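Shown next, in structure tokens, is the structure this report addresses.
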């Protein structure tokens, strides 16, 4: 699968880069991130609790950073595992450019999914990965952003109507880690809990979920790895 | 794989279900037909501490006409809907869609309410509910409330239901003379999730379309209404040229999410194909 997007962040480029390299910020921004471990200066592992619809599962991910251009971007290689259900791996490129007094962050992800996940097929993986990316950047923006966005663009624009309320989002982020899932919400309303009844149809879904978990982990970790400088 | 250990309760009243949800919050999951939940438990994609089985609540079963609406209880199975004369008479769209839902064994167990609450973007019932302008009936600690389908589906597997609410039924307006419906989906194999599916509903008098609703499944994170294309069809008479124009309009309007095997372009193309087929087919 491929995923790409961009978001405007209300902070100068060095600050964004710094944020991407600050484990604290990342742990708070990655949806459901419970812990992050520094393996080497360019390698990180993270544990993420994914909550999307019926899925509540922990995934572990591994990210390695390459082609590091401080203040500009890097390439991340990630691998996420959801246990027996399957795994996902791939790479992602992140680029930062100046725009409107802030920074535009462009990202692209290419990933492949294996195990049962892959067999069943990833119907909704893309949607899930995209949603988590949006959650991440919304939270990240609230954490490092200092300027109110002049123009909202990119995937985040569809989420909160109007300019995000930074104070509110910051508050959400400030929630201490023990409740990682609760910490994520940011302004975008995503309501994972309690679909009152399970759905009928086929079988593929959960697997995808897991996949997306793996992906998101990878994604998170990747971001983390960004930080390594 | 097998599910992680969990407790199991089968309450005899909806109030008991609601108080269990209040007590256990996120650790409790509601079990209806189990066709999605159990699989996700067995894959260990979800490890709730408590399963609350709704199977003992007979109040959630059955199909009936009340107050000018067709009311389908949450625990009604797909097979029951498929074979219901009331449904065929008052909501023929559902009769057309039911055979597309997975396979017989799944249709025998899976439920109407479960499908809607799960809100899979490629599932038939959420799509039909939206196409028909239906209403979800939810019961929570503060009593019952009704949520229009247009406001119900909020995101990927996310709905307007509160964590402590139970979906008790879905209501649909009764089909009137002059209403028309069409449903079809494209899947790699019969019974698979649709790559793209479509439900159409509207009115027609002397061939002129009005109140057209086009709902796509499998292209976005929720069932998706193609409002621009809907508007472009109203007031027109369907012919080959209109169907082709509408397909082009639909392709321009939507921005499908890819899946592992189908690109956005594939889905965009297929959506147009479906619309053209359904419009031409419904002309008669």
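No lab work stands behind these numbers, since they all come straight from the coordinates. Here the structure is a predicted model, which means the values were calculated and not measured. Cβ: placed from backbone, ideal geometry, glycine included. Neighbour counts: every protein chain shown.
Rounding to the nearest 10 and keeping the result within 0 to 90°, find how far the Cα-based axis of helix B:240-253 lies from the longest principal axis of chain B. So the helix axis and the longest Cα principal axis differ by about 50 degrees. Anisotropy class assigned to the stretch B:1-90 is oblate, per the alpha carbon gyration tensor with a/c at or over the 1.5 cut-off and a/b no larger than b/c. Cα centroids of the stretch B:190-220 and the stretch B:74-129: 16 Å apart.
Can you give the alpha-carbon Rg of the stretch B:181-281 over 2.2 N^0.38 Å, where N counts its residues? Display every interim value, and only then the final one.
Numbers: Rg = 13.0 Å, N = 101, 2.2 N^0.38 = 12.7 Å.
Expressed relative to 2.2 N^0.38 Å, the Cα Rg reads 1.03.
Ranked by Cβ crowding within 10 angstrom, fewest neighbours first, how are B:261, A:42 ordered?
On the way: B:261 12, A:42 18.
If I rank by nearby Cβ atoms, fewest first, I get B:261, A:42.
Please state the relative contact order of the stretch B:61-171 as a whole percent: Cα pairs under 8 Å, 6+ residues apart?
Values: 189 pairs, mean separation 28.8, N = 111.
Normalised by residue count, the contact order of the stretch B:61-171 is 26 percent.
Taken over chain B, the percentage of Cα pairs per 10 Å bin, counting from 0 up to the bin with the maximum distance, is 7, 29, 34, 21, 8, 1, 0. When the Kirkwood radius is taken over all Cα pairs of the stretch B:7-53, what Stokes-Einstein diffusion coefficient follows at 4 °C and 1.567 mPa s, in µm²/s? Diffusion coefficient, whole number: 119 µm²/s.
With a Förster radius of 22 Å applied to the C-beta separation of residue A:2 and residue B:189, the computed FRET efficiency comes to 0.30.
Would you mind ranking B:259, B:7 so that the residue whose beta carbon has the fewest other beta carbons within 10 Å leads the list? Working shown, then result.
Values: B:259 24, B:7 12.
So the residues, fewest neighbours to most, are B:7, B:259.
Once you have the Kirkwood Rh of the stretch B:61-171 from its Cα pairs, apply Stokes-Einstein at 4 °C and 1.567 mPa s and quote D in µm²/s.
Details: Rh = 13.8 Å.
Estimated via Stokes-Einstein, D reaches 94 µm²/s.
For residue B:240 and residue B:49, a Förster radius of 45 Å and the Cβ-Cβ distance give a FRET efficiency of 0.20, rounded to the nearest 0.05.
Relative contact order of chain B: what whole-number percent is it, with Cα pairs under 8 angstrom and at least 6 residues apart? Walk me through the numbers on the way to the answer.
Values: 610 pairs, mean separation 41.1, N = 284.
Rounded, it is 14 percent for chain B.
Measure nothing fancy, just the Cα-based angle from helix B:264-281's long axis to the longest principal axis of chain B, in degrees from 0 to 90, nearest 10. Computed tilt is about 70 degrees.
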